[in-house]
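Please read the structure below before turning to the comments.
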Amino acid sequence: MTTPDLEDSTRQRNDYVTAETEQASLDMNSDGLRELAERASALVTNYFATISDLPVFPDTSAEEVAAHFDSTLPLEGEPLETLFSDCRKILDSSRHNGHPRFFGYVASPATPPGAFADLIASALNANVTSWRSAPAATEIERTVVRWLGSLVGFGDDAHGLLTSGGSMANLTALLIAHRTRSQSAISRTGLWRAGKPMTIYASDQIHLSIAKAADILGFGRDYVRTVPSDERFRLDVRSLRESIESDRRNGLLPFCVVASAGTVSTGAIDPLAEIAGVAAENDLWFHIDGAYGAPGAMVDSKRRLFDGMERADSLSLDPHKWLYTPIDCGCLLFRDPAHARAAFSTDADYIKVQEQTEMESFAFWDYGIELSRRFRALKIWLTLRHYGVRRIAEAIKHDVSLAKYMAERVEAADDFELMAPVELSICCFRYVPPEVGARLHTADEKEEASINAGLDQLNARIMHAVQRGGRAYVSNANIRERFALRACIINFRTTRADIDATLDIVRAAAGVI
């Protein structure tokens, strides 16, 4: 039987715990949670409904943005009304990649299913390290990896993992390639005792992440051999053979060739089948950087350009580029998971898996760099299931057709010049005043260089004016040492009217410079 004194003591302790819990807990009551959800949903829903009406780039400055958001650390909580007012200000102060006339870089819009999938993934907050840490998320990621391999023609039995983006996928691939083609003890003894330098081969159009990865991994940027590209900006296979043979004669050890399935500047696709043959003849790891362009293989009229992709040892692609899923979401596919496991597997006690079955013993840390990994697969899984492959392929096909249309409009105009062939969905061009174009046709070499230098400066100013004008957004590319305006069209909202409007906006910018 409880005594009165003990009852008082218990009651006091319970009161204390309740009060302490109320202060320490970050849970919200049902009313507060409902208000938060309603405000967030309304903000996102309105954003998707009005994105086409917003300025592509905000009419603001770094000083104005800093003045609004550079505040002191809050010691006490603030009301949701204040917080969501600032969230609206964040939208107003952002560049809108989902706008139908945003053509800069390789940044696609997010679909609504993908955006809300990120909310679900964040609420679950799974750390997708292994099956035991996230059973459902692990299985969905492995399923998504197989789907991606099938989508782009790499294979229905693809292995791999999701990464933050193409740069991390390429870095991971080069490490696997190096470990597969180098001495078995190199992971322990390091590169300083590895013998002859090992070399990588890629075209002069390759993405910067390849040289950066060679630097990070200790191979050295100078040992990424830059192979010239042809007139269509594709790797020249004869030059590739010559470079490999030259390095071998000089005592170096070629180990990897990297091809592009859609370069970031022009969208060029290297001759993948020929490069695969060279790699096989020389026992080189064959990696394809398809971060931007690989989904182009889903378009029937473009599929032949990707012949040979199925022969690669590894392939990178970014669903957050041309599969319209939110950032961050890259992917590395590889043919033989044993090579990746040999490169990354570790026996640290604190992550040792004690499960009994092979499926339940699976761990992503055995195949890549990251240990902490968010649930990236959900947004791809929901997007593909909601729309279906055919509808997404139609969106990609539409982007390709718009780039072709833009090129046709450029070639038909007397004040534009097409700077590179349109292979996928990138169109590179420059503004050339008609009178300047006429001078170019008759200029000698010295005068031509002077005219082109002036056109470089003019188009750089045009680009800046267009970007800050808020009505459209183009970026730039270096095309054979010439400054080009670059439109990368990977947006399911874009129409032919947007292409026409953008060219008119470029003309208008040129007229006031």
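Is it the case that some residue within region 212-233 is in contact (Cβ under 8 Å) with a residue 60 or more places away in the chain, touching a helix residue (DSSP H, G or I) at 6+ places or on another chain (Cβ under 7 Å) and not small (Gly, Ala, Ser)? No, because not a single residue in region 212-233 is in contact (Cβ under 8 Å) with a residue 60 or more places away in the chain, touching a helix residue (DSSP H, G or I) at 6+ places or on another chain (Cβ under 7 Å) and not small (Gly, Ala, Ser).
Condition test on Leu402, is it surrounded by 14 or more Cβ atoms within 10 Å (Cβ to Cβ) and assigned to a helix (DSSP H, G or I)? Against the criterion (surrounded by 14 or more Cβ atoms within 10 Å (Cβ to Cβ) and assigned to a helix (DSSP H, G or I)), Leu402 qualifies.
Counting only strands (runs of 3 or more DSSP E) wholly contained in region 409-513, the ones carrying 2 or more residues that are open to solvent by 50 Å² or more (accessible area, probe 1.4 Å) occupy 473-479. Only a single criterion out of (1) assigned to a helix (DSSP H, G or I); (2) of a type outside the set (A, V, I, L, M); (3) touching a strand residue (DSSP E or B) at 6+ places or on another chain (Cβ under 9 Å) is not satisfied by Arg39, namely (3). Scanning region 301-334 for residues that are free of Cβ contacts under 8 Å to residues at least 60 places away in the same chain and either closer than 14 Å to Gly165 by Cα or among the charged types (D, E, K, R) (or both), we see that the one that is surrounded by the fewest Cβ atoms within 10 Å (Cβ to Cβ) is Arg304. Condition check for Ser187 on (1) under 25 Å from Arg146 (Cβ atoms); (2) out of contact with any Ser or Thr (no Cβ under 6 Å at 6 or more places or on another chain); (3) among the polar types (S, T, N, Q): one failure, at (1).
Counting the residues of region 454-506 that are touching a residue at least 60 places away in the same chain (Cβ under 8 Å), polar (S, T, N, Q) and closer than 23 Å to Gly437 by Cα gives 3.
Select from region 268-300 the residues that are of a type in the set (A, V, I, L, M, F, W, C) and within 14 Å of Ile200 (Cβ to Cβ) and write down the one among them that is surrounded by the most Cβ atoms within 10 Å (Cβ to Cβ). My answer is Ile288. Inside region 215-232, residues that are open to solvent by less than 60 Å² (accessible area, probe 1.4 Å) and under 18 Å from Trp285 (Cβ atoms) make up a count of 7. Scoring Glu64 on the criteria (1) within 30 Å of Thr494 (Cβ to Cβ); (2) modelled with pLDDT under 90 leaves a single failure, condition (2). When restricted to residues that are in contact with a strand residue (DSSP E or B) (Cβ under 6 Å, 6 or more places away or on another chain) and of a type in the set (Phe, Trp, Tyr), region 165-206 contains 1. Just so you know, in region 169-190 the residues that are assigned to a helix (DSSP H, G or I) and open to solvent by 50 Å² or more (accessible area, probe 1.4 Å) include one that is nearest to Glu139 (Cα to Cα), and it is Arg179.
The values are calculated or read from the model by the stated rules, or taken from the named source; none is laboratory data. Small disclaimer: the values here were computed from a predicted structure and weren't measured. Quick reminder, even Gly has a Cβ in these numbers, built from the backbone with ideal geometry, and neighbours come from all protein chains shown. In case anyone asks, the SASA skips ligands and DNA or RNA and just uses the protein heavy atoms, side chains included. Shrake-Rupley method; radii C 1.70, N 1.55, O 1.52, S 1.80 Å.
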